[in-house]
1. I'd like the distance between the alpha-carbon centres of the range 56-93 and the range 424-449, rounded to an integer number of Å.
2. Given the Cα-Cα distance of Arg321 and Thr613 and 0.36 nm per residue of separation, how much length would full extension add, in nm?
3. Quick check on the range 553-681: take the gyration tensor over C-alpha atoms, sort the square-rooted eigenvalues as a ≥ b ≥ c, and tell me if it's rounded (a/c under 1.5), prolate or oblate.
4. In whole angstrom, note down how far apart the Cα centers of the range 363-411 and the range 310-341 are.
5. Would you mind classifying the range 355-458 by shape? Square roots of the alpha carbon gyration tensor eigenvalues, ordered a ≥ b ≥ c; an a/c under 1.5 is rounded, otherwise it is prolate if a/b is larger than b/c and oblate if not.
6. As a check on your grasp of the helix formula, calculate [θ] at 222 nm for the chain: sum -39500 (n - 2.57) over DSSP H runs of n ≥ 4, divide by the residue count, round to the nearest 500.
7. Where does helix 506-526 land angle-wise versus the long Cα axis of the chain, in degrees 0 to 90, nearest 10?
8. Over the range 534-649, what is the relative contact order in percent, taking alpha-carbon pairs closer than 8 angstrom and at least six residues apart?
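Each reported figure results from applying straightforward, stated rules to the coordinates on display, with no laboratory input. Predicted model, so just to flag it, every value in this text is computed and none were measured. Note that we place each Cβ from the backbone using ideal geometry, even for glycine, and neighbour counts take in every protein chain shown.
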Amino acid sequence: MPTARRLIGLIGILCLLCPAPAFASLPYWTEYFIPDQHDVWETQPVYTPVVAMTGKGKEGQPAFSEPNDLFISHNDQVYVADTGNNRIVILNPDGDFARQIAPEDGEGKLSKPEGVFVTGDGTVYVADTGNQRIAVFDNEGSFLKEYRKPVMELLPDSYFFVPRKIVVDTRGTLYIVSAGSYQGIVRMNANGDFTGFFGANRSTITFTQWMQRQILSAEQLARVTAVRPGESSNITPVSDGFLLTANSGVNSGQIKKLNAGGVDMLKNRSFQNLDQLVDVAMDANGFMYAVYRHSDGAINIYDPQGQALFRFGGISTDSERLGLFSFPTSIALNSRQELWVADSKLNIVQIFERTEFGDSVLRAMDLYDKGYYTDGQSHWEQAIALNEMLDAGYRGLGKAALKEGDYDEALTYFKQGTDPEGYSDAFWEVRLDWIQKNLLQAIAIIAMIWAASAFSLRRQATKQWWKRITERPQIQTYVQEWGDFRYLLLHPYEGFYRLKERRISMVTLMTIMLGVILLTIGRTYWTGFSFDPTPLELRDPIWPILIVLGGWLTWAVANYLVSTVKDGEGRFREVMQASTFAFVPYITFMPIYLVLTNVIVLEERVVADSLLTVMWMWIAMLMLVMTQVIHNFDFMEAIRNSAVTLLTIGVIWIMLTILTALGYNVYNFVYEFSREVIQYG
């Protein structure tokens with residue numbers, strides 16, 4: 001017993017000395033988007049929730065009621081559009097209540113404000129939604145003026161002006177998100193004159209709608225609901241003079257970075273899982289933070305080009321836990337890189353702070369994006385020390401090693417980071433260095449080997465030795481068959497005529513197919529990293545082998561069946577052996593392709609890709625010629641027969657898929673039934 005107590009005590013002390021990670025108690029996962037792989041991995045948090053602010057003041061001011069918008073000024077004061085309380089709440093940088101703008105009467109009285117913006121001199125612009133206007137206050141909260149719907153011919157009377165969000169640029173131009181405005185963002189000058197719609201989205205139609213346009217008459221189309229573009233749900237100013245817009249109901253361009261002319265600098269990029277995008281913010285380095293309502297997460301972080309980096313948070317409707325949201329409405333970022341997120345259903349504003357890991361990796365990514373690879377090396381090393389599975393870290397270290405001229409180390413890092421482009425750049429330098437040092441020696445060795453081979457082949461003793469081997473009847477058969485195999489490559493018609501009505505030995509046919517299998521395995525494992533960055537442990541040759549062998553077998557069966565119906569002369573044995581011989585381009589070109597992928601770089605891959613394309617086209621041509629020759633068809637009959645053969649192959653594969661699924665279901669039923677009989681019988 002004393003021993004057991006001492007052991008328990010020792011375990012307790014160790015637990016105190018080595019506490020569990022803080023993120024273990026978080027109610028959400030943080031996921032890292034793997035570059036170029038369309039996949040995510042769980043990682044430690046980049047942001048963690050600190051506190052939830054309720055908006056209550058010390059003098060009895062009420063808690064938030066439907067906070068709908070946030071704005072953080074240059075001095076980190078936070079302005080909250082508290083819709084349900086008809087006010088604008090100002091919080092200090094720590095989140096404590098400072099003051100409010102809430103006139104109880106007069107021209108400044110607010111009604112359901114949903115947006116707020118503050119200029120550099122402290123002037124407050126409020127999207128006073130309930131009053132259908134923009135209300136302007138000075139830095140003390142005194143009402144100055146208002147902007148109503150402009151009365152101009154450019155803005156039709158039927159247009160409803162219901163401001164929800166507001167941004168003002170340095171020239172005093174107002175950019176207003178109006179509810180239901182599919183035409184775009186309303187732009188007004190400082191005098192309140194309408195100067196046009198800004199940053200409108202494109203309308204997209206479904207296949208059904210496209211078919212309606214092709215079939216229905218003009219009168220019928222007039223009764224169909226018009227296809228309207230998606231709306232902008234939010235707008236955010238960026239330090240470099242651009243405007244970020246969050247757009248809903250669109251398949252691409254969910255986040256736009258608009259210049260003064262309304263041109264999207266993100267080029268209408270498509271963002272996944274942002275169909276319910278709410279708001280977006282940008283830090284001083286150009287990284288974007290989007291808040292959205294989706295079960296997979298609630299906040300995404302993107303690099304300045306729009307590449308997804310991380311996602312975290314979550315939506316919860318049955319509990320109130322710090323870090324989760326119910327109905328997020330706005331996101332903002334302060335100078336300390338803290339994220340502030342408003343939730344109109346929970347009636348709170350949550351604050352998230354960067355973790356040590358998040359700070360290291362985002363600083364490193366910023367330096368990487370700007371091309372300061374060596375400056376970011378220490379940050380990458382720190383991030384990798386915290387997470388060894390971070391692909392981006394190894395890519396960053398690879399770039400640093402490449403810039404410093406350590407090409408071998410760069411190759412290692414790029415391989416760890418699954419970066420074929422970086423690996424190709426480093427390999428270029430390694431190859432160039434090898435050529436400069438070893439080219440003459442390599443040429444001399446090749447010349448010596450060629451001379452020795454030529455001399456050996458010309459010797460009388462060698463010729464006699466070869467003659468003795470090939471004089472054996474069985475060997476003569478194999479030599480002739482392999483000679484026909486090589487001949488077929490450049491003389492398809494004559495080559496297939498040689499095979500017609502002949503019985504090729506099983507050894508030759510099996511050797512050819514064994515060569516095809518080995519080369520398929522070789523393509524799986526020996527393709528150069530620049531052409532296939534998949535880690536070796538994740539590569540599996542089984543499926544490629546099944547595709548090649550399955551395609552070959554179903555082609556032979558389908559071709560024979562179809563040709564028999566079409567009065568073709570070929571026997572099944574002739575079709576099988578001719579289809580086997582049609583793999584001669586595969587046997588010839590695949591080794592060359594594998595060598596090329598290991599000695600050329602991505603800038604030269606057109607050579608390898610062209611070789612592969614020629615190989616498959618050559619095989620297809622041989623299959624067509626085989627159909628014509630073996631079955632004694634004319635050219636057009638061969639084409640029609642080949643087309644029907646391909647259709648038949650599709651039917652065969654569909655039937656095999658259905659039978660496999662049915663077989664699995666029967667097996668599963670029998671297995672479960674037998675388990676129940678054994679368990680309860």
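1. After rounding, the separation between the Cα centres reads 68 Å.
2. Length gained, Arg321 through Thr613: 99.5 nm.
3. Details: a/c = 3.28, a/b = 1.39, b/c = 2.35.
It comes out oblate by the Cα gyration axes.
4. 30 Å
5. Details: a/c = 5.09, a/b = 3.36, b/c = 1.51.
In terms of gyration-tensor shape, prolate.
6. So the helix-based figure for the chain works out to -14500 deg cm²/dmol.
7. The answer is roughly 30 degrees.
8. Relative contact order of the range 534-649: 35 percent.
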